[in-house]
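Asker: First, the structure itself, so that you have it in front of you.
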Ligand code: KG4
Ligand code: ZN
């Protein structure tokens, strides 16, 4: 079954063609240069940019896969969560194709799609497992009992991990989105130089809170600047990265053990973080858990992961119809 997949939830316009777990084409047009001017995503501009490029990207995705619309059996599209205007461009475009070509349409949850990047990468991977999904908008620990059945075990109470990375990076003078640049900067620093807080949410062992940690880093930077002292950017970046990676990996391993999972899956843009990958690999190994991580190209937003999750949704009979609507928040 060839599936045309569309992703427009934030600042990447992406179109792919997949056949089950196999990727036939995967085209991503990033809007980063556009939003960098403003230090963050401008929702209205994101929607416009999606509209401007989506038709051309679809032609390109079909061309790369050496297929035409007649070879497509279904259309998958991210419908939630994300920026509502941005999501609507993809959903409307997908509905147009489905209607014109008489194809079934399947709405895909973006967080589930991030997890599916691992099915593409690891052909042997099957549920059940625990998924840690960390991106610019989300930080979730999810129990995945089946390809389409997810239970929230933990989540952030405030900032997402990627959001915290981006904010600290911005104050350190790094360009948007600063997560990658902060990761690179951190590699030259001392992770023990600053002791940043590891917040615990009272009574919720597997929830996260990154806002205090972020504020703590921002206060240190501002105080040093006010006193006219040099900001040890590399040490701050390293200590901050260590705190985020420590909290995410320790709670992930604890949740896996407490909920009886022997497999752990890492996903989302922040899954590209080198220290998180390293620490989670070490801690899962120490606890006899098998870890699955996607390659860097499949960590960030792309449509291949949407198509792959769409395939499993279709197998479960979760197709939508022309009433499919976009939704800014996640439902599981
Ligand atoms: O999954 P994604 O592409 O978009 C959302 O669904 O939000 O994630 C983007 C986020 C951004 O916050 C970006 O800074 C962060 O992932 N990110 C990283 C790294 N690479 C991307 N954060 C930390 N370290 C990285 N290496
Ligand atoms: Zn994402």
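Asker: Of the candidates 20, 317, 178, which one comes out as most mobile in a Gaussian network treatment of the chain with C-alpha springs shorter than 10 Å?
Answerer: Greatest mean-square fluctuation among the candidates belongs to 317.
Asker: Another question about this same structure. Do the sum for the chain: with -39,500 (n - 2.57) for every DSSP H run of n ≥ 4, divided by all residues, what is the mean residue ellipticity at 222 nm, to the nearest 500 deg cm²/dmol?
Answerer: Values: 11 runs with 147 residues, N = 332.
My calculation for the chain gives -14000 deg cm²/dmol from helical runs alone.
Asker: Using only Cα atoms, tell me the angle between helix 43-64 and the longest principal axis of the chain; keep it within 0 to 90° and round to the nearest 10.
Answerer: 50 degrees
Asker: Right, next: Points 7 angstrom from Cα along the Cβ direction at residue 71 and residue 55: gap in nanometres?
Answerer: Roughly 2.3 nm, to one decimal.
Asker: Still on this structure, I have one more. Between helix 161-171 and the chain, what is the angle of the helix's C-alpha long axis to the longest principal axis, kept within 0 to 90° and rounded to the nearest 10?
Answerer: That works out to roughly 60 degrees.
Asker: On a 0 to 90 degree scale, rounded to 10, what angle separates helix 211-226 from the longest Cα axis of the chain?
Answerer: Helix 211-226 sits roughly 50 degrees off the main axis of the chain.
Asker: Ranked from highest to lowest mean number of other Cβ atoms within 10 Å per residue, what is the order of the peptides 73-85, 120-132, 320-332? Provide the component values of the computation, followed by the final result.
Answerer: Values: 73-85: 22.9, 120-132: 18.6, 320-332: 13.5.
Highest-to-lowest ranking by the protection proxy: 73-85, 120-132, 320-332.
Asker: Using a ≥ b ≥ c from the Cα gyration tensor of the range 28-145 (square roots of the eigenvalues), is it rounded, prolate or oblate, where a/c under 1.5 gives rounded and otherwise the larger of a/b and b/c decides, a/b for prolate?
Answerer: Working: a/c = 1.78, a/b = 1.08, b/c = 1.65.
Cα axes put the range 28-145 in the oblate bin.
Asker: Which one, 60, 226, 192, has the greatest fluctuation when you compute a Gaussian network model over the chain with C-alpha springs under 10 angstrom?
Answerer: 226
A short reminder: the numbers here are calculations on the coordinates, not readings from a lab. If you're wondering where the values come from, they're calculated on a predicted model, not measured in any experiment. When we count neighbours, we look across all protein chains shown, and the Cβ atoms used for this are built from the backbone with ideal geometry, even at glycine.
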